[in-house]
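The values are calculated or read from the model by the stated rules, or taken from the named source; none is laboratory data. Keep in mind that what you see is a predicted model, and the values were worked out from it rather than measured. Because the Cβ atoms are built from the backbone with ideal geometry, glycine has one as well, and the counts that use them run over all protein chains shown.
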Amino acid sequence: MPSNPRIPYQLASRRKRLPPFGGKSLMVHLVVNIENWQFENPMPRVLLPPPHGLVQSPDVPNFSWAEYGMRCGMPRILKALADRGLPASCALNAGAIETYRDCMDEVVAAGWEMIGHGMHQRSLQAEADEGGLISRALELIADFSGKPVQGWLGPGLRETSTTPDLLKQAGVRFLYDWVLDDLPCWMETKFGKLMSLPYSLEINDSIIYAVEKHASDEMYNRLVQTLACFEAEIREQPRLITLGLHPHLIGVPHRFAYFERMLDLLIAHPQTVFVTGSQIADWFEAADGKGA
């Protein structure tokens, strides 16, 4: 019995050689997480721990931490990407469409690609009707954006034992929860193959700043070292760098200059191409076959 029930194990060095994406061997995917933290519930994560460890709602300081990102961080991110003409994907809690409507109008106008990210920032493992929630979230996002939703990133990357099956059944094309490779993989589900696209826990502002609590330049430094490692590898096989971004973390003033330096560093690399999830999926299907 394999230890991984969804994606068969394979050394990256033994994978089929894939062609570059439009002649470029270093794909960059910017994923901005837009989340709906419900004021009346315990917060998904905290910056300021409660006195004596007593968790109570409302949690004003930690709610405000996230809300700052939606008020002040998002305009910075939208402008930085627009000024550079860069595409992005938006991992969206469907509840944020109503809560942050003016922001979401700008995201749609910017042409960002939508990724399902639940209804609110709450693990699927806590839902009584997971399939119903997935369907409702996908429907709300598609109705708002005018386009079907092809991808899914679970809140907190959490799944139940049936999540990939439910996503495939709901028409989702690719999933970001399984952060185990630098390139796409095929997943097994009860309803056929589902594509696993790389996300990141290493170049992810939530991990770096909210969990590990590093200095403001850490995410930039990790990108520099990642590029140094990939420099030799992309001569043999394309690589994908995904940046996991949250407006209340990367969008604050003392970190934002490093984010802009990251974008400019990537733009300057001769092998870089900025892509969305559906573009990665199209490339991988053409290169590897559908569910090969």
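Some notes on this structure:
- Those residues of region 236-292 which are of a type in the set (Gly, Ala, Ser) and either part of a strand (DSSP E or B) or at positive phi (or both), in sequence order: GLY244, GLY289, GLY291
- Meets criteria (touching a residue at least 24 places away in the same chain (Cβ under 8 Å) and surrounded by fewer than 17 Cβ atoms within 10 Å (Cβ to Cβ)) for ILE250: no
- Listed by first and then second residue, the pairs with beta-carbon distance under 9 Å, at least 6 apart or on different chains, first residue in region 211-235 and in contact (Cβ under 8 Å) with a residue 60 or more places away in the chain and part of a helix (DSSP H, G or I), second surrounded by 10 or more Cβ atoms within 10 Å (Cβ to Cβ) and acidic (Asp, Glu), are PHE230/ASP182.
- Of all residues in region 140-187, those satisfying the criterion of being part of a helix (DSSP H, G or I) and either in contact (Cβ under 8 Å) with a residue 60 or more places away in the chain or under 15 Å from the mean Cα position of the chain (by Cα) (or both) are PRO155, GLY156, LEU157, PRO164.
- Among residues of region 6-16 being closer than 22 Å to LEU175 by Cα and of a type in the set (D, E, K, R), the one that is nearest to the chain's Cα centre (by Cα) is ARG6.
- Considering residues of region 38-69 that are aliphatic (A, V, I, L, M) and in contact with a helix residue (DSSP H, G or I) (Cβ under 6 Å, 6 or more places away or on another chain) only, the residue surrounded by the most Cβ atoms within 10 Å (Cβ to Cβ): MET43
- Filtering region 7-37 to residues that are surrounded by fewer than 19 Cβ atoms within 10 Å (Cβ to Cβ) and among the polar types (S, T, N, Q) leaves GLN10, SER13.
- Qualifying residue in region 112-128 (condition: in a helix (DSSP H, G or I), touching a Leu at 6+ places or on another chain (Cβ under 9 Å), modelled with pLDDT of 95 or more and aliphatic (A, V, I, L, M)): no
- Complete set of residues in region 75-128 that are among the acidic types (Asp, Glu) and either under 30 Å from THR272 (Cα atoms) or in contact (Cβ under 8 Å) with a residue 24 or more places away in the chain (or both): ASP83, ASP105, GLU106, GLU113
- Scanning region 38-74 for residues that are among the acidic types (Asp, Glu) and either more than 25 Å from VAL108 (Cα to Cα) or at pLDDT below 90 (or both) returns GLU40, ASP59.
- The set of residues in region 107-124 being closer than 22 Å to PHE39 by Cβ and surrounded by fewer than 16 Cβ atoms within 10 Å (Cβ to Cβ) consists of SER123 alone.
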